[in-house]
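The values are calculated or read from the model by the stated rules, or taken from the named source; none is laboratory data. Note that the structure is a prediction, hence the values are computed from the model and not measured. Virtual Cβ from ideal backbone geometry, glycine too; neighbours counted across all protein chains shown.
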Amino acid sequence: MSNLCASAETYDDGAGLTLKEALKGPEKNQWMLAMQEELQCFKENDAWELCDSPQDGRVVQCKWVLRKKYDCDNNVRFRARLFAKGFSQIKGIDYTETFSPVVRHTTLRLLFALSVKLGFDITHLDVTTAFLNGALDETIFMMLPEGFSEQTHEGQLLKLKKAIYGLKQSSRAWYKKVDECLLNVGYRRSKIEPCMYTKIRNNLRTIVTLFVDDFFIFSNDCKETEYLKNVLASHFKLKDLGEIRKCLGVNVSVNKSEKTITLNQSDYIEQVLKKFNMSQCKPIKTPMETKLHVTKGENDVEKFPYQQVIGCLMYLAVLTRPDITYAVGFLSQFNNCYSTEHCAYVKRLLRYKKLRFEVHC
């Protein structure tokens, strides 16, 4: 569970819409603009080419996924992502290897702590449409997406040139591209953490980590940091987010004078409490009762999202709330056999007042 993925810059409000709903709603224009921006990114990255329908080629469908996203200042952004329906791919024909690593959360926390103690700067870079940079080795055709505006004639398809979102091999192709880029400019890949790269020059050190499309640079070498930014910008479309403020959905605050770093998931916690109608709950001092004895239930509780709540709490425990790890692990045993009693204990955990506290390193 240590490699759960979340947005590094923004968090999702969870209000996913179907394309039909979005284009009939009051925000139709915003969604249409977001779709056109996404298609333009595919065009800029030369992700596909129009072609006639092949006689023996396999064709995958595609789907629009729409989300509202919010940045650190709570500004809304309409995000439209075009995904290939990779679940229809056949191993050995449409893809071979699929594994790709991400940096561990424990590694990031260690680097945060070391950086503030050693006076390193922590820089955050975000890659726009990262997967569109990964080359596709296999021959794959895709149906035209809704909103595709280029002139076509009947029966035409898209021949994919890049490993777009949704394909089985997309994340691996992206990782291989990044790995090649960093190794070519003198960085050394860690043997035990394949998404961590280092470069040492005299007493100057630079460490780069990758979590999907987010780069985190830890360095006491300003020149190397700028050089690395330029190198990455020459290969990928980047957003330089400056000194780190948010990391994988976690708020980050660095105090250089006191050499401390503070991590919290206050935004996420408030979102979870609101989602499960617990925003106005009365806080309690402990996450669970002592000497608790609970047995399996009959799963007789209707419409209580037990597994969803456990998943949200587990995400908190992994990232910033180790103090609830035991309670979450204990209650997760009853994911498929919970009763009213188990639900009450899950709600109690949501009421734990220290959920809203911060973690200092």
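Inside the stretch 261-307, can you point out the residues that are polar (S, T, N, Q) and under 28 Å from residue 70 (Cβ atoms)?
Taking the stretch 261-307 first, the residues polar (S, T, N, Q) are 262, 264-266, 271, 277, 279-280, 286, 290, 295, 299, 307.
262, 264, 265, 266, 271, 277, 279, 280, 307 - these are the residues of the stretch 261-307 that are polar (S, T, N, Q) and under 28 Å from residue 70 (Cβ atoms).
When you scan the stretch 200-218, do you find a residue that is in contact (Cβ under 8 Å) with a residue 40 or more places away in the chain, over 24 Å from residue 239 (Cβ atoms) and crowded, with 19+ Cβ neighbours inside 10 Å, even just one?
no
Residue 43 - would you say it is more than 23 Å from the chain's Cα centre (by Cα) and either among the charged types (D, E, K, R) or over 29 Å from residue 17 (Cβ atoms) (or both)?
Working: more than 23 Å from the chain's Cα centre (by Cα): yes; either among the charged types (D, E, K, R) or over 29 Å from residue 17 (Cβ atoms) (or both): yes.
Yes, satisfied.
I'm told residue 249 meets every condition in (1) surrounded by fewer than 17 Cβ atoms within 10 Å (Cβ to Cβ); (2) under 30 Å from residue 353 (Cβ atoms) except one. Can you identify the failing condition by its number?
Answer for residue 249: the failing condition is (1).
Could we say that residue 236 is among the aromatic types (Phe, Trp, Tyr), in contact with a His (Cβ under 8 Å, 6 or more places away or on another chain) and surrounded by 18 or more Cβ atoms within 10 Å (Cβ to Cβ) here? Explain how you work it out, then say what you get.
Numbers: among the aromatic types (Phe, Trp, Tyr): yes; in contact with a His (Cβ under 8 Å, 6 or more places away or on another chain): no; surrounded by 18 or more Cβ atoms within 10 Å (Cβ to Cβ): yes.
Here the answer is no, as residue 236 does not meet what is asked.
Among the residues of the stretch 290-338, how many are hydroxyl-bearing (Ser, Thr, Tyr) and not in a helix (DSSP H, G or I)?
Filtering the stretch 290-338 down to residues hydroxyl-bearing (Ser, Thr, Tyr) leaves 290, 295, 306, 315, 320, 325-326, 332, 338.
Then keep just the ones that are not in a helix (DSSP H, G or I); that gives 290, 295, 320, 338.
Residues in the stretch 290-338 being hydroxyl-bearing (Ser, Thr, Tyr) and not in a helix (DSSP H, G or I): 4 in total.
Going by the structure shown, is residue 223 assigned by TED's automatic domain parsing to the domain that holds residue 131, surrounded by fewer than 21 Cβ atoms within 10 Å (Cβ to Cβ) and either assigned to a loop (DSSP other than H, G, I, E, B) or touching a strand residue (DSSP E or B) at 6+ places or on another chain (Cβ under 8 Å) (or both)? Before the answer, list the steps.
Working: assigned by TED's automatic domain parsing to the domain that holds residue 131: yes; surrounded by fewer than 21 Cβ atoms within 10 Å (Cβ to Cβ): yes; either assigned to a loop (DSSP other than H, G, I, E, B) or touching a strand residue (DSSP E or B) at 6+ places or on another chain (Cβ under 8 Å) (or both): no.
Here the answer is no, as residue 223 does not meet what is asked.
Hey, which of the strands (runs of 3 or more DSSP E) in the stretch 75-185, taking only ones fully inside, have at least 2 residues that are in contact (Cβ under 8 Å) with a residue 24 or more places away in the chain and farther than 30 Å from residue 222 by Cβ?
Answer list for the stretch 75-185: 76-84, 156-160.
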